[in-house]
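Right, one structure below, let's go through it.
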Amino acid sequence: QVRLVESGGGLVQAGGSLRLSCAASGSMFSINDMGWYRQAPGKQRELVALISTRGTTNYADSVKGRFTISRDNVKNTVYLQMISLRPEDTAIYYCNAKVPGVIYWGQGTQVTVSS
(Lines give C-alpha, C1' and ligand atoms only; values in the text may rest on other atoms or scores of the structure.)
Protein backbone atom coordinates (compact mmCIF):
# COMPACT_ATOMS: atom_id res chain seq x y z
CA GLN A 1 0.00 0.00 0.00
CA VAL A 2 1.24 3.49 -0.89
CA ARG A 3 -0.18 6.79 0.36
CA LEU A 4 0.41 10.00 -1.56
CA VAL A 5 -0.20 13.49 -0.20
CA GLU A 6 0.11 16.51 -2.47
CA SER A 7 0.71 20.09 -1.37
CA GLY A 8 1.75 23.44 -2.80
CA GLY A 9 -1.22 24.36 -4.95
CA GLY A 10 -2.84 27.77 -4.86
CA LEU A 11 -3.81 30.89 -6.76
CA VAL A 12 -1.17 32.63 -8.84
CA GLN A 13 -1.16 35.27 -11.57
CA ALA A 14 -0.22 34.39 -15.13
CA GLY A 15 3.55 34.31 -15.46
CA GLY A 16 3.99 33.26 -11.86
CA SER A 17 5.47 30.14 -10.33
CA LEU A 18 4.46 27.35 -7.97
CA ARG A 19 6.12 24.23 -6.67
CA LEU A 20 4.02 21.18 -5.95
CA SER A 21 5.17 18.43 -3.62
CA CYS A 22 3.98 14.86 -3.28
CA ALA A 23 5.04 12.95 -0.19
CA ALA A 24 4.81 9.18 -0.42
CA SER A 25 4.58 6.73 2.46
CA GLY A 26 4.00 3.02 2.80
CA SER A 27 5.54 0.31 0.63
CA MET A 28 8.17 2.58 -0.88
CA PHE A 29 10.44 -0.21 -2.09
CA SER A 30 7.91 -1.24 -4.73
CA ILE A 31 7.43 2.17 -6.37
CA ASN A 32 8.67 2.52 -9.93
CA ASP A 33 7.62 5.57 -11.93
CA MET A 34 6.01 8.57 -10.28
CA GLY A 35 4.21 11.34 -12.05
CA TRP A 36 1.96 14.35 -12.09
CA TYR A 37 -1.35 14.50 -13.92
CA ARG A 38 -3.94 17.24 -14.07
CA GLN A 39 -7.64 17.55 -14.70
CA ALA A 40 -9.33 20.77 -15.71
CA PRO A 41 -13.11 21.25 -15.37
CA GLY A 42 -14.95 19.36 -18.10
CA LYS A 43 -11.79 17.71 -19.38
CA GLN A 44 -10.13 14.34 -19.01
CA ARG A 45 -7.19 13.81 -16.72
CA GLU A 46 -3.96 14.27 -18.65
CA LEU A 47 -0.31 13.52 -18.13
CA VAL A 48 1.89 16.43 -17.10
CA ALA A 49 5.21 14.78 -16.28
CA LEU A 50 6.73 11.45 -15.33
CA ILE A 51 9.96 10.48 -13.62
CA SER A 52 11.48 7.03 -13.27
CA THR A 53 13.41 5.69 -10.29
CA ARG A 54 16.61 6.54 -12.18
CA GLY A 55 15.50 10.09 -12.90
CA THR A 56 14.46 9.74 -16.52
CA THR A 57 11.78 12.35 -17.23
CA ASN A 58 8.99 12.75 -19.73
CA TYR A 59 6.78 15.82 -20.22
CA ALA A 60 3.60 16.77 -22.00
CA ASP A 61 4.34 19.06 -24.92
CA SER A 62 2.24 21.81 -23.36
CA VAL A 63 4.54 22.12 -20.33
CA LYS A 64 7.98 21.44 -21.81
CA GLY A 65 10.40 24.19 -20.91
CA ARG A 66 8.13 25.52 -18.15
CA PHE A 67 7.67 22.61 -15.74
CA THR A 68 10.35 20.46 -14.11
CA ILE A 69 9.71 17.19 -12.30
CA SER A 70 12.21 15.95 -9.75
CA ARG A 71 12.38 13.22 -7.20
CA ASP A 72 14.07 12.85 -3.82
CA ASN A 73 14.27 9.13 -3.12
CA VAL A 74 15.57 9.74 0.42
CA LYS A 75 12.61 11.93 1.35
CA ASN A 76 10.22 9.83 -0.77
CA THR A 77 8.96 13.00 -2.36
CA VAL A 78 8.36 14.06 -5.95
CA TYR A 79 8.19 17.72 -6.94
CA LEU A 80 6.78 19.68 -9.82
CA GLN A 81 8.34 23.11 -10.31
CA MET A 82 6.10 25.23 -12.50
CA ILE A 83 7.15 28.57 -14.00
CA SER A 84 5.60 30.90 -16.56
CA LEU A 85 2.19 29.66 -15.56
CA ARG A 86 -0.73 30.25 -17.91
CA PRO A 87 -4.48 30.36 -17.28
CA GLU A 88 -4.78 27.10 -19.24
CA ASP A 89 -2.65 25.42 -16.56
CA THR A 90 -5.56 25.81 -14.15
CA ALA A 91 -6.56 22.34 -12.95
CA ILE A 92 -6.46 19.91 -10.08
CA TYR A 93 -3.01 18.36 -10.06
CA TYR A 94 -2.69 14.74 -9.00
CA CYS A 95 0.40 12.79 -8.04
CA ASN A 96 0.62 9.12 -8.89
CA ALA A 97 2.94 6.24 -8.16
CA LYS A 98 3.22 2.98 -10.05
CA VAL A 99 4.01 -0.34 -8.47
CA PRO A 100 3.76 -3.66 -10.31
CA GLY A 101 0.09 -4.13 -11.13
CA VAL A 102 -1.22 -1.08 -9.22
CA ILE A 103 -1.35 2.69 -9.67
CA TYR A 104 -1.86 4.88 -6.62
CA TRP A 105 -3.24 8.41 -6.68
CA GLY A 106 -3.14 11.31 -4.28
CA GLN A 107 -6.16 13.42 -3.43
CA GLY A 108 -5.10 16.29 -5.69
CA THR A 109 -4.19 19.93 -5.18
CA GLN A 110 -5.85 22.85 -6.92
CA VAL A 111 -3.79 25.18 -9.09
CA THR A 112 -5.54 28.31 -10.34
CA VAL A 113 -3.81 30.74 -12.68
CA SER A 114 -5.50 34.11 -13.14
CA SER A 115 -5.07 36.21 -16.26
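A few notes on this one:
- The stretch 97-114: number of residues that are more than 15 Å from residue 5 (Cα to Cα), open to solvent by 20 Å² or more (accessible area, probe 1.4 Å) and modelled with pLDDT of 95 or more: 2
- Hits in the stretch 1-40 - residues which are of a type in the set (Asp, Glu) and open to solvent by less than 30 Å² (accessible area, probe 1.4 Å): 6
- Residue that is farthest from residue 26 (Cα to Cα) [pool: residues in the stretch 73-96 that are crowded, with 22+ Cβ neighbours inside 10 Å and under 11 Å from the mean Cα position of the chain (by Cα)]: 82
- Any hit, the stretch 16-29, residues being in a helix (DSSP H, G or I) and over 21 Å from residue 110 (Cβ atoms): yes
- One residue stands out among those in the stretch 41-54 that are exposed (fewer than 14 other Cβ atoms within 10 Å of the Cβ) and closer than 21 Å to residue 101 by Cα: the one that is modelled with the highest pLDDT, which is 46.
The values are calculated or read from the model by the stated rules, or taken from the named source; none is laboratory data. No experiment lies behind these values; they were computed from the predicted model shown. Ideal geometry is used to build each Cβ from the backbone, glycine not excepted, and the neighbour counts take in all protein chains shown. Just the protein is used for accessible areas: all its heavy atoms, side chains included, with ligands, DNA and RNA removed. Shrake-Rupley method; radii C 1.70, N 1.55, O 1.52, S 1.80 Å.
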